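Okay, so here's the structure we're looking at.
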Amino acid sequence: MMRILLTGANGQLGWELQRSLSTLGSVIGVDLPEYDLAQPDRLLELVRQVRPQVIVNPAAYTDVDKAEQEHDLAHTVNGVAPGLLAQQANEIGAAIIHYSTDYVFNGSLGRPYSENDQPAPLNAYGRSKLVGEQAVQQVGDAFLILRTSWVYSLRGNSFVNKVLRWSRSHRTLRIVNDQVSNPTWARALAEATGQLLAQAGSQPAGWIRERRGLYHLAAPDWTSRFEWAQAILSLDPHREQQVVQEVLPASSAEFPTPAVRPAFSALDCSLFSKTFDLQLPHWRDALRLSLTV
Ligand SMILES: NC(=O)c1ccc[n+]([C@@H]2O[C@H](COP(=O)([O-])OP(=O)(O)OC[C@H]3O[C@@H](n4cnc5c(N)ncnc54)[C@H](OP(=O)(O)O)[C@@H]3O)[C@@H](O)[C@H]2O)c1
C-alpha cells in the first residue's frame, strides 16, 4: 500500500486526486491555510514526519490575472516551493508528481506543442510555473512533471461553470474564438495519475526514476473557447434553465485582461501515451460525462 502526500487537496485537481488515489493506499491531503507553499517549513516538516513514497503536488497559485500584480507570491508558490518539495522527496527516497501548464508557451507555434518545444511564457503565472518545472528538473531524481491545459471541474469557478452561469442570466454570450487549447476534466487527469501510479507498484520511486521527465497530458483534441462554450450549452442537462439565445465569437482584444494568454497552446500528448499506455478521453466525451450528475 502506498503512502501519498497530496497538496492543494481542495483545488479542482486536488479534490479529484484525493478520490482517485485513495484506492492505492493512504492519501494525506493538505491545503491552505494550514500548509502554505509560500511558507513551506511546516509542509516540509510534515513530509519528514509522514515519509510518503510519493508527493503529488497540484497546489499552485492559479489566478492568472492576479499573478501579474502578485508576481512575487506566484514565483514563491509556483517557482520555488516545487523545488523544495522535490528536494525533500529526494532526501527521503520518495517520488514527486508535479503539474504544470500550457501557459509556459507563447502560443505562436501554430501546431500542438511537444515537450521539446521551447517555452516562452507571456505572463507572470506562466513564468512562475516554468521556474517551478526547472526547479523540479534540477533536483532531477524520481520526478514526473505533467503539463496540462484548461483544467475544469464542476466544483469551483471553472470556465464550464461560468458558461453555465452566464447562460442563465444573459441572452447573448460573446466568447473568444482566438484562444485554442485542450479542455481537460480534472477527474480524468486525476484518474490517469492514479492509473500511472498503480503501474508503479509498491516501489514507486524506482519506477518513476526510470521514466522521469516532463510529459504533456491534456485531453485530445484541441478547440477554441467559443466552440467549447457551444458544447457546454448543448450538453447542459438542464438546458430548459438557459435564457441564452445566441453565442457570438469574439476576439481576445475585445476583452482586455491583465495577463496576456497564448493564442494556440494545444499540447501534443503522444509521449505520455507511448510511455504509460494511457490517454485522456476526448474533451467532448469528458465534458458530457462531467455534466451528467
Ligand atoms: N486551471 C487550469 O486551467 C490549469 C491549466 C493548466 C495547468 N494547471 C495546473 O494544474 C494544477 C492544478 O490546478 P487547479 O485548476 O486544480 O487549481 P486550483 O483549483 O486553483 O487549486 C489549487 C489549489 O492550491 C491551493 N493553493 C494556492 N496557493 C497555495 C499556497 N500558497 N500554498 C498551498 N496551497 C495553495 C489552492 O487553495 P485556494 O483555493 O485556497 O487558493 C487550491 O486548493 C496546478 O499546478 C495548475 O498550475 C491548471
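Here is how the numbers come out for the structure above:
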| item | result |
| --- | --- |
| Options ASP31, ASP102, ASP72, ASP41; residue that is within 15 Å of the chain's Cα centre (by Cα) and charged (D, E, K, R) | ASP102 |
| Residue list for region 117-162, filter: in a helix (DSSP H, G or I), open to solvent by 10 Å² or more (accessible area, probe 1.4 Å) and β-branched (Val, Ile, Thr) | VAL131, VAL139 |
| Some residue of region 260-282 being farther than 26 Å from ILE145 by Cβ, aromatic (Phe, Trp, Tyr) and outside any helix (DSSP H, G or I) | no |
| Index of the failed condition, GLU91 passing every other in (1) of a type in the set (Asp, Glu); (2) within 20 Å of PHE143 (Cβ to Cβ); (3) open to solvent by 40 Å² or more (accessible area, probe 1.4 Å); (4) within 14 Å of the ligand (Cβ to nearest atom) | (4) |
| Among the residues listed as ARG261, ARG239, the single one being open to solvent by 60 Å² or more (accessible area, probe 1.4 Å) and within 22 Å of TRP222 (Cα to Cα) | ARG261 |
| Cross-chain or 6+ apart pairs with Cβ under 7 Å, region 206-224 first and more than 21 Å from GLN118 (Cα to Cα), then open to solvent by 10 Å² or more (accessible area, probe 1.4 Å) and among the acidic types (Asp, Glu) | ARG209/ASP141 |
| Per-region count, region 163-215, residues part of a strand (DSSP E or B) and either on the phi > 0 side of the Ramachandran plot or out of contact with any Cys (no Cβ under 9 Å at 6 or more places or on another chain) (or both) | 11 |
| Selection count, region 1-44, where residues are without any contact (Cβ under 8 Å) to a residue 12 or more places away in the chain and either open to solvent by less than 50 Å² (accessible area, probe 1.4 Å) or touching a Cys at 6+ places or on another chain (Cβ under 7 Å) (or both) | 1 |
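The values are calculated or read from the model by the stated rules, or taken from the named source; none is laboratory data. Remember, it's a predicted structure, so these values are computed and weren't measured experimentally. Heads up, the Cβs are rebuilt from the backbone with ideal geometry, glycines too, and the neighbour counts pull from every protein chain shown. SASA here: full protein model, heavy atoms, side chains in, ligands and nucleic acids out. Shrake-Rupley method; radii C 1.70, N 1.55, O 1.52, S 1.80 Å.
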